[in-house]
Amino acid sequence: MAHVVDAIRLLQFQQPLLLNTSSNINRALSLSLSLSPSPIASSSSSSSSSLAFAAPRKHLLSFKVCATVAETGQPKWWEKNAPNMIDIHSTQEFLNALSEAGDRLVVVEFYGTWCASCRALYPKLCRTAEDHPEIVFLKVNFDENKPMCKSLNVKVLPYFHFYRGAEGQLESFSCSLAKFQKIKDAIETHNTARCSIGPPKGIGDLLLDPSNVPVPKERPAEPV
């Protein structure tokens, strides 16, 4: 109200004879509004609120970037192995691993990096491998070893083979997380104590390299 009075007085000084006209009163009101202080508090609160909203957005963006970088630095799900799990990249590596296992039970998993069932089952397979350090677990990537998988008649994923020494292949079947008990039952059946009485057998059409087959030692001739 004080600003209105000041505006009227200003107009009275400039045009004393026209003070009572409605046009001059309107001019006084307009001038009072122009003399009124600007709403700094409201604008500052508005700007501060916008800054308050902007800050979390920047923080969230930086968090997403950091999370993405951290995620890319982590190993892929199929790369997280137990100590007794071996990745197979070729047919010869597969045959060598079977030969080196000797009398130990060998569980072979055929998987695909794109296979959802393989991914769902894999953490439980890793825990099973950790619970059985005496067993060798081989992992065969289907996409990297298609000719070998075809020779071994692998048509679905995940697929499992069980091998042991001179007995060769013991069992094979497909499995999912819901039927994981099949793997536990097969381990219980084939992981019993036994001794081999010969070199490892060939695996279907995959023949062992003769240089990798252990040669039995000849017994010395007995004196006559």
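Working out 0.36 nm times the residue gap between I187 and E130, then minus their Cα-Cα distance, what length gain in nm do you get to one decimal?
Difference between extended and current length: 19.2 nm.
Looking at the stretch 87-169, the accessible area is 43 square angstrom per residue; that uses a 1.4 Å probe and ignores ligands, DNA and RNA.
Kindly provide the trypsin sites (Lys or Arg not before Pro) of the stretch 111-195 that DSSP labels as loop, not H, G, I, E or B, and whose Cβ sees at most 12 other Cβ atoms within 10 Å. Walk me through the numbers before you get to the answer.
Details: sites: R119, K124, R127, K139, K150, K155, R164, K179, K182, K184, R194; in loops: K155, R194.
Filter output for the stretch 111-195: K155.
Applying both filters, DSSP loop and at most 15 other Cβ atoms within 10 Å, to the chymotrypsin sites (Phe, Trp or Tyr not before Pro) of the stretch 76-167 gives W114. Projecting the Cα atoms of L121, N141, L105 onto the charge dipole of the stretch 94-147, computed from C-beta unit charges around the Cα centre, puts L121 farthest toward the positive end. In the stretch 82-126, the portion of solvent-accessible area held by carbon and sulfur atoms comes to 54 percent [1.4 Å probe, whole percent, DNA, RNA and ligands not counted]. FRET efficiency for the E100 to K179 pair, using the beta carbon distance and R₀ = 25 Å, is estimated at 0.25.
The values are calculated or read from the model by the stated rules, or taken from the named source; none is laboratory data. Model, not experiment: these values are computed from the prediction. Counting neighbours? That spans all protein chains shown, and the Cβs are built from the backbone with ideal geometry, glycine included. Side chains are part of the model used for accessible areas, which takes the heavy atoms of the whole protein and leaves out ligands, DNA and RNA. Shrake-Rupley method; radii C 1.70, N 1.55, O 1.52, S 1.80 Å.
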